[in-house]
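Submitted below is the structure of interest, expressed as structure tokens.
The values are calculated or read from the model by the stated rules, or taken from the named source; none is laboratory data. Just so it is clear, the structure is predicted and the values come from calculations on it, not from any experiment. Positions of Cβ are backbone-derived with ideal geometry, glycine not excepted, and every protein chain shown enters the neighbour counts. Heads up: the accessible areas ignore ligands, DNA and RNA and are worked out on the full protein's heavy atoms, side chains in. Shrake-Rupley method; radii C 1.70, N 1.55, O 1.52, S 1.80 Å.
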Amino acid sequence: MARRVLTDVSAIDILRLGRVATRTTDVSLPLTVSRLSLLLGLLLVGGVRAAGVTVPARLQWATYLLGMVAMNLPHGGYEHLDNLRRRTARFQTRYVVVYLCLASGFVALLFVAPLLGLMLACSVVVAKGGHGGVKVLDSLGASDHLRTRPQRALAAFVRGGAPMAVGLWAFPVDFHTFSSLMVGIFGGSLTPVAGHFAATRWLVGSGYALALVTHLSLGAFRGGGRSWLVDASESVLLAAYFAVVPVVLAVGLYFPFWYSARQVARARSVTDEPFAAHQGEGPLSLLDADDPRTIALTAWGVLMGGALATGMLAAGLFWLAPTPLGGGPLLAGAVAFWSIFVSVIALPHVVVGSWLDPERGIWYVQ
């Protein structure tokens, strides 16, 4: 009898260890992809530029569109789907309504004050990359050195600010060109602020450098250890990547290969969902059905519906905008248009999907 009990316990332990090992693999793979992608991009593009070769602009624009439209957009849809599938019908309805209201308000701002809209679009990138990045650190147990709320906010700014702040400092011409195209979509111009662009570049660059040094120093002082080492190495990698890789190309690869991959790792690290499967309501409850065919058909319908809704929103903005391509060539104009559009749908993605959803949110960490 004792031998049988020992055998059963051993089997349970082996099964549990197997699950832990599988989860560890599921988490480590996307993390490795994220780090290697940015490191390889840094080394490859850095080597090309050191050899005196310029990365063709059309290649940068095409890569951006591939990364942001074909690769990163589906992940954004997945984050919403995963968040809504185990919620009440009332929550789902409120979520969609507030989402559309925020997106509509953003579009209205772009038409009324294009420059303010551009500033908000840049802020959305910082908030999404920064807040989401800190949540990934939480899920990995790599945020022990972040002891206070202001310190976490600084960490979020350093991580999320790299694409915009470092991109502006390292590639001012490209940043200015596409900023001009983006406000031009809505009939705006950078003329009122063009005279301050050079000073702004150095102010933003030096401010980011100070924030990075402060963040690294404060983390080392308040804890150090493994969590600080992970955070510090990734923060430096982000800053170096955006300092070397041209900003359009860098952003186009950053979101699918860094942001999305790391959010997959965060999601895989969650071991206990806050809401049980049977709590889901509405059509999304079918995703938790026992019949695989029902699940597959529902998932297909949701994905097609989401793609259609996103396409309709993009088409509506394209139709309403006075100059949808900002007056630039096709590929460059498409980059500018998509940058604005993705910011419009990313604002409620952050606000509704996370900040107004403290119980779970798109960046839930157990």
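Pick out, from L59, P150, V248, the residue whose Cα sits farthest towards the positive end of the charge dipole of the chain, with +1 on the Cβ of Lys and Arg and -1 on the Cβ of Asp and Glu.
P150
Using +1 at the Cβ of each Lys and Arg and -1 at the Cβ of each Asp and Glu in region 179-333, identify which of A307, A261, L284 lies farthest towards the dipole's positive end.
About the Cα centre, the residue reaching furthest to the positive side is A261.
Just subtract the alpha-carbon distance of T271 and A240 from 0.36 nm times their residue separation and send over the number in nm, one decimal.
Roughly 7.8 nm would be gained on extension.
Report the calculated FRET efficiency for L39 and L203 (r = Cβ-Cβ distance, R0 = 30 Å), to the nearest 0.05.
About 0.55, to the nearest 0.05.
Place a +1 charge on the Cβ of each Lys and Arg in region 23-131 and a -1 charge on the Cβ of each Asp and Glu, then give the dipole magnitude about the Cα centre in debye, rounded to the nearest 20.
260
Another one. Could you check how much of the accessible area of region 211-293 is carbon and sulfur, as a whole percent, using a 1.4 Å probe?
64
Figure the gain on full extension for S217 and H75 (residue separation times 0.36 nm, minus the Cα-Cα span) and round it to one decimal in nm.
47.7 nm
Ordering M304, M164 by accessible area with a probe of 1.4 Å, largest first, what comes out?
Solvent-accessible surface, decreasing: M304, M164.
Then there's this: Top to bottom by accessible area (1.4 Å), largest first, where do K128, K135 land?
Descending accessible area places them as K135, K128.
If R0 is 30 Å, what FRET efficiency do you get for L59 and F318 from their C-beta distance, rounded to 0.05?
In this case the efficiency is close to 0.80.
On to the next question. List the residues whose amide H sits under 5 Å from the amide H of I362, counting only those 5 or more places along or on another chain, with H placed 1.01 Å from N in the peptide plane.
HN-HN under 5 Å from I362: S354.
Here's something else I'd like to know. Quick one: dipole size for the chain, taken about the Cα centre, charges +1 on Lys/Arg Cβ and -1 on Asp/Glu Cβ, in debye to the nearest 20.
The dipole of the chain has a size of about 500 debye.
Quickly work out the A50-to-S123 label distance, labels modelled 7 Å from Cα along the C-beta direction, and quote it in nm with one decimal.
Label at S123, label at A50, 4.0 nm between them.
Could you work out the percent of alpha carbon pairs in region 311-359 separated by over 18 Å, rounded to a whole number?
39
Using only C-alpha positions, report the orientation-averaged shadow area of the convex hull of the chain, nm², one decimal.
22.1
With charges only on Cβ, +1 for K and R and -1 for D and E, what is the dipole size of region 229-311 about its Cα centre, in debye, rounded to 20?
Dipole of region 229-311, to the nearest 20 debye: 360 debye.
Would you mind checking which residues have amide H under 5 Å from D357's amide H? H placed 1.01 Å from N; only 5 or more apart, or other chain.
When sequence neighbours closer than 5 places are left aside, there are no close amide H contacts.
Mind giving me the nanometre distance, one decimal, between the label points for E359 and M304, set 7 Å out from Cα along Cα→Cβ?
According to this spin-label approximation, the distance is 3.2 nm.
In nm², what is the average projected area of the convex hull enclosing the Cα atoms of region 191-272?
The number I arrive at for region 191-272 is 8.1 nm².
Only helices at least 18 Å long along their own axis, judged from Cα atoms, and with Kyte-Doolittle mean hydropathy of 0.0 or greater: name those in the chain from DSSP H.
Going by DSSP H runs, the hits are 2-50, 89-112, 114-139, 197-222, 225-244, 292-320, 330-350.
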